[in-house]
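Structure first, commentary second.
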Amino acid sequence: MTFLKICGIKDLNSAIVATQSGAAFLGFVFVPGVRRNIPVDQAETLISDYKRDILSGSPSLVGLFANQTIEDVNEIVSRCELDYVQLCGDEDSNYWEDIEARVIKQIKVPTNLNDNEVVDLINLSLDKTVKAGAIPLLDRFEEGKLGGTGKVFDWSILQGISEKYDFMLAGGLTPDNVSEAIRVATPWAVDVSSGVEKNGDKDEYLIIEFSKSVNDSNK
């Protein structure tokens, strides 16, 4: 079974639609200066309102961070009652140990190496990440880009990796291609943000369609 994470949530309706559609994780971006950043006060209010409206079956709440101080991250974890911290910067396992939530660590997949080199690099990174107690998230590498890229990479290089590791898959996923991504890579979870947006905002129809594609793949 492949779980679903809807990331970049900034409004209550999107959070509720994602929950009703079967999302296992909701992501909130706390990286300063990026387009989907949500101010902490706004997130705290949104999550409080969300928990009031969703009485049971709530997805896990994930905060996205990149190269921020441990003190700031843990303060937001506490204020917003986050279950997971997703790290998208250069944080190493020494940093993860002091985070007061479970950790999801982004692994950036390069596109400028041959397939064998990429597979070796991915396996090494996955092994290191899992042994340090974090959940790995594979996304395409793009120079100077923190967090998601909104671009796909060659999923075929991941064939067989799910037999050894549970990982989350991100990068350019849409309602039209996520079924193929699941078929080829068999990830533990898929992570989407721009693929369920229209004109830069979360779109209810696209959230429902993406979730339907994931749910159909699990049948």
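Tabulated data for the structure shown
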{"item": "Residue ID - modelled with the lowest pLDDT, chosen from residues in segment 91-125 that are assigned to a helix (DSSP H, G or I) and within 22 Å of Val178 (Cα to Cα)", "result": "Asp115"}
{"item": "Test for Gly160: is it small (Gly, Ala, Ser), touching a Leu at 6+ places or on another chain (Cβ under 9 Å) and without any contact (Cβ under 8 Å) to a residue 60 or more places away in the chain", "result": "no"}
{"item": "Selection count where residues are hydroxyl-bearing (Ser, Thr, Tyr) and within 16 Å of Leu137 (Cα to Cα), scope segment 61-101", "result": "2"}
{"item": "When residues of segment 19-57 are limited to those that are within 18 Å of the chain's Cα centre (by Cα) and charged (D, E, K, R), the one farthest from Glu81 (Cα to Cα)", "result": "Arg35"}
{"item": "Output for segment 193-202, where each listed residue is buried (at least 17 other Cβ atoms within 10 Å of the Cβ) and not basic (Lys, Arg)", "result": "Ser193, Ser194, Gly195, Val196, Glu197"}
{"item": "From Asp90, Asp115, residue being surrounded by fewer than 16 Cβ atoms within 10 Å (Cβ to Cβ) and touching a helix residue (DSSP H, G or I) at 6+ places or on another chain (Cβ under 9 Å)", "result": "Asp115"}
{"item": "Where Ile107 falls short, out of the listed (1) more than 24 Å from Gly63 (Cα to Cα); (2) touching a helix residue (DSSP H, G or I) at 6+ places or on another chain (Cβ under 6 Å)", "result": "(1)"}
{"item": "Among the candidates Pro136, Pro110, residue that is under 30 Å from Glu97 (Cβ atoms) and surrounded by fewer than 15 Cβ atoms within 10 Å (Cβ to Cβ)", "result": "Pro110"}
{"item": "All positions within segment 169-189 that are surrounded by fewer than 23 Cβ atoms within 10 Å (Cβ to Cβ) and not in a helix (DSSP H, G or I)", "result": "Gly172, Thr174, Pro175, Asp176, Asn177, Thr186, Trp188, Ala189"}
{"item": "Options Leu82, Leu61; residue that is aliphatic (A, V, I, L, M), surrounded by 14 or more Cβ atoms within 10 Å (Cβ to Cβ), in a loop (DSSP other than H, G, I, E, B) and at pLDDT 95 or above", "result": "Leu82"}
{"item": "Residues of segment 12-48 satisfying the condition of being hydroxyl-bearing (Ser, Thr, Tyr) and outside any helix (DSSP H, G or I)", "result": "Ser21"}
{"item": "Filter result for the condition that a residue is of a type in the set (D, E, K, R) and in contact (Cβ under 8 Å) with a residue 40 or more places away in the chain, over Asp115, Asp176, Asp92", "result": "Asp115"}
{"item": "Residue that is farthest from Val196 (Cα to Cα), among those in segment 20-37 that are modelled with pLDDT of 95 or more and of a type in the set (Val, Ile, Thr)", "result": "Val31"}
{"item": "Condition met for Gly148 (touching a Cys at 6+ places or on another chain (Cβ under 9 Å) and either at pLDDT below 95 or in a loop (DSSP other than H, G, I, E, B) (or both))", "result": "yes"}
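The values are calculated or read from the model by the stated rules, or taken from the named source; none is laboratory data. Model, not experiment: these values are computed from the prediction. Positions of Cβ are backbone-derived with ideal geometry, glycine not excepted, and every protein chain shown enters the neighbour counts.
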